[in-house]
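Worksheet: the structure to be examined is printed underneath.
Bear in mind these aren't lab numbers, they're just calculated from the coordinates by the rules spelled out. If you're wondering where the values come from, they're calculated on a predicted model, not measured in any experiment. Methodologically, a virtual Cβ is constructed for each residue, glycine included, from the backbone with ideal geometry; neighbour enumeration extends over all protein chains shown.
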């Protein structure tokens with residue numbers, strides 16, 4: 001799939017980093033200042049953010065499913081540790097579980113995109 005986006009790799013990489021940094025800033029802002037997505041709960045926000053991050057990471061960089069999962073899992077834990085030390089925030093195991101489920105969905109979406117594009121993953 002990386003091969004399909006080789007002409008746009010810088011754009012996809014930039015988008016990945018914008019989403020990553022934006023999600024971290026949103027996560028460490030005090031609760032009353034944190035942006036929301038409509039009426040979605042905190043868990044849905046984690047789920048959606050990590051789904052998008054997973055797809056973007058796989059598109060932007062030549063990383064395996066395992067590497068993607070481990071990197072984003074570590075990022076999710078890092079967010080929760082950061083929230084533990086942020087006023088009016090708290091660390092929650094359920095947020096990490098929502099992150100992991102989002103990573104799983106992102107991997108599925110990436111695999112579907114890969115099959116539709118008919119480009120083998122080894123081409124990166």
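Modelled this way, with points 7 Å down the Cα-to-C-beta line, the labels at residue 74 and residue 43 are 2.8 nm from one another. Take the Cα coordinates of the range 6-123, assign each an equal point scatterer, and use the Debye formula without solvent to give log10 I(q)/I(0) at q = 0.13, 0.17 Å⁻¹. Taking Cα atoms of the range 6-123 as identical point scatterers yields -0.51, -0.83.
Ranked by the mean number of other Cβ atoms within 10 Å of their residues, highest first, the peptides 65-78, 90-103, 41-54 fall in the order 41-54, 90-103, 65-78.
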